[in-house]
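The structure under discussion appears below in the form of structure tokens.
Rule-based calculations on the coordinates, nothing more; no lab input. All values derive from a computational prediction rather than experimental measurement. Cβ placement follows ideal geometry from the backbone for every residue including glycine, while neighbour counts extend to all protein chains displayed.
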Amino acid sequence: MPMLACIHYVSWVVPIDGGKHQCLYCRETVTKKDIYPKFEDLGLDYQTRWDRHEKGEVAAPAPAKQDASTSGR
């Protein structure tokens, strides 16, 4: 059951089948206008991945951050 006051924080939102996105916290299907921070305030990389998923394209995963303790070995 959806919560009444979920803010759908962007880190809780994941892509699901059919080009849609779902909030992991409340399990509600969300759109660009439902998420926080605003879609327009997110980086171009995030916006591109969101748009490609909505179009049904296979989007590349977000680049992994390299751990400083393992770099250069």
Neighbour counts of other C-beta atoms within 10 Å: give me TRP12, TRP50 arranged from fewest to most. TRP12, TRP50
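Over all directions, the average projected area of the alpha-carbon convex hull for the range 1-54 comes to how many nm²? The partial results should precede the final answer.
Working: hull surface 14.1 nm².
Taking a quarter of the hull surface, the average projection is 3.5 nm².
Mind checking the full-extension length gain between ILE7 and LYS38? Use 0.36 nm per residue of separation minus the Cα-Cα distance, one decimal, nm. Write down the numbers at each step before the final one.
On the way: separation 31, 0.36 × 31 = 11.16 nm, distance 1.09 nm.
So the chain would gain 10.1 nm between ILE7 and LYS38.
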For LYS55, the aspartates and glutamates lying under 12 Å Cα to Cα, once residues fewer than eight places off in the same chain are dropped, come out as ASP17
